[in-house]
1. Probe radius 1.4 Å, ligands and nucleic acids left out: which of 104, 87 has the largest accessible area, and how do the rest follow?
2. Can you tell me the FRET efficiency between residue 33 and residue 125 if r is taken as the Cβ-Cβ distance and R0 is 30 Å, rounded to the nearest 0.05?
3. Say a site is exposed when it is one of the GluC sites (Glu not before Pro), sits in a DSSP loop, and has at most 16 other Cβ atoms within 10 Å; what is then the longest site-free stretch of the chain?
4. First check a/c for segment 1-75, with a ≥ b ≥ c the square roots of the eigenvalues of its C-alpha gyration tensor; if it is under 1.5, answer rounded, and if not, answer prolate when a/b is larger than b/c or oblate otherwise.
5. At a threshold of 8 angstrom on Cα-Cα distance, excluding pairs fewer than six apart, so keeping six or more, what relative contact order does the chain reach in percent?
6. Mind checking which of 78, 49, 37 has the largest fluctuation in a GNM of the chain, springs on alpha carbons under 10 Å?
7. Would you work out what percent of the accessible area of the chain, with all protein chains in place, is carbon or sulfur (probe 1.4 Å)?
8. Any chance you could run the full-extension gain for residue 8 through residue 118? It's 0.36 nm times the residue separation minus the Cα-Cα distance, nm to one decimal.
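The values are calculated or read from the model by the stated rules, or taken from the named source; none is laboratory data. This structure is a prediction, so every number in the text was calculated from the model and none was measured. Counting neighbours? That spans all protein chains shown, and the Cβs are built from the backbone with ideal geometry, glycine included. For accessibility, only protein heavy atoms count, side chains too; no ligands or nucleic acids. Shrake-Rupley method; radii C 1.70, N 1.55, O 1.52, S 1.80 Å.
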Amino acid sequence: MEPFNTLVRAFSPYEPIDRATYGPLVPYLARMSVPEGTVLWEQDAPPDGLYIIESGVLRAIYAFAAPTPPMEESMVPGTIAGELSTLSGLARNATCVVERAAVLWKLSTESLARLERERPELARAFTRLILKGECCSL
């Protein structure tokens, strides 16, 4: 059932997530069990992929130039982390730490490139779905 159930949880607020359309995405995702305190990525690092959160909590810490204080954001199950830098290819805009032990489904940059080659229509549909989530959560 996983990671399809996590995909449904993350994206069903934006459109119906049916197995026929999005089920073929599952082989491109890798399951990760990540302990508390793990740094998933550092600010300014190149993107390595995006993460769909099945369980646990991630914390993003945004460091800005003085005098702006740092800002923090928690990411909870059923949300995505690292999607915009992964899709844009731009450096990470925050440091991301596992605040509570997490199970994540990672779409690595390599798997995303393979998805775009092998299943271009699915890659476009998934990208649109991510962007809908970004637009609707602002």
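1. 87, 104
2. According to the calculation, E is roughly 0.60.
3. With GluC sites (Glu not before Pro) excluded where exposed in loops, the chain gives 43-138 as its longest stretch.
4. Working: a/c = 2.44, a/b = 2.01, b/c = 1.22.
Taking the square roots of the gyration eigenvalues as a ≥ b ≥ c, segment 1-75 is prolate.
5. On the way: 261 pairs, mean separation 46.5, N = 138.
Reported relative contact order: 34 percent.
6. Answer for the Gaussian network model of the chain: 37.
7. Values: 4150 of 7280 Å².
Carbon and sulfur atoms account for 57 percent of the accessible area of the chain.
8. Working: separation 110, 0.36 × 110 = 39.60 nm, distance 2.25 nm.
Roughly 37.3 nm would be gained on extension.
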